[in-house]
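The values are calculated or read from the model by the stated rules, or taken from the named source; none is laboratory data. Just so it is clear, the structure is predicted and the values come from calculations on it, not from any experiment. When we count neighbours, we look across all protein chains shown, and the Cβ atoms used for this are built from the backbone with ideal geometry, even at glycine.
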Amino acid sequence: MTSRDFETGLKIRKAVLGDAYVQRALANADAFSMPFQTMLTEYCWGRVWGRSGATRRQRSLMVLCMLAALNRAQEFETHVRGALRNGCTKAELREAFLQIAIYCGVPAGVEAFRIARRVFDEEAKAARQRRRPNPKPKSRPKARG
């Protein structure tokens, strides 16, 4: 049985992190790790991200700053993508990363900019591929018989 907080959290989690990412995380969970996935979805995404006190953009920027301070590069990359989905601009991200550099240290700022650059490049490549029309399949010559 799922709770209302779980359903809210699942919707928000998919919107921020992407449907494929969340589906993969849930599909890869086993009896040992599923309680953790449930807690993340219900509590973190449903009860906290689902609150009305801050926008998703604001939450994304806060999360990025905390992940940089904790040196969690993989989660940082995931949340850079989420911040873009939440409408954060590159200019806003740059300002957050400058704050990271002065409060968490220059190496943390360097890593933030490095990861973001990679995400921007990957997102731009994916956007170009989505815009590229699918080539028509070549017709095969008819067999002579």
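With respect to the conditions (1) assigned to a loop (DSSP other than H, G, I, E, B); (2) surrounded by 15 or more Cβ atoms within 10 Å (Cβ to Cβ); (3) polar (S, T, N, Q), Asn134 lacks only one, and its number is (2).
Residue under question is Glu111, and the condition is that it be touching a Lys or Arg at 6+ places or on another chain (Cβ under 9 Å) and at pLDDT 95 or above; does it hold? Before you say what the answer is, go through the steps one by one.
Working: touching a Lys or Arg at 6+ places or on another chain (Cβ under 9 Å): no; at pLDDT 95 or above: yes.
Answer is no for this residue.
Against the list (1) assigned by TED's automatic domain parsing to the domain that holds Ala126; (2) more than 20 Å from Lys125 (Cα to Cα); (3) part of a helix (DSSP H, G or I), the condition Asn71 fails is (3). Scanning region 97-122 for residues that are surrounded by 14 or more Cβ atoms within 10 Å (Cβ to Cβ) and closer than 18 Å to Leu17 by Cβ gives Ile115, Ala116, Val119, Phe120.
When region 8-18 is filtered for residues that are farther than 16 Å from Glu75 by Cα and either free of Cβ contacts under 8 Å to residues at least 12 places away in the same chain or exposed (fewer than 13 other Cβ atoms within 10 Å of the Cβ) (or both), only Lys11 remains. Being in contact (Cβ under 8 Å) with a residue 12 or more places away in the chain and on the phi > 0 side of the Ramachandran plot holds for only one residue in Gly46, Gly50, Gly105, Gly87, and it is Gly87. On the stretch given as region 84-110, residues that are under 17 Å from Gln58 (Cβ atoms) and either polar (S, T, N, Q) or outside any helix (DSSP H, G or I) (or both) total 5.
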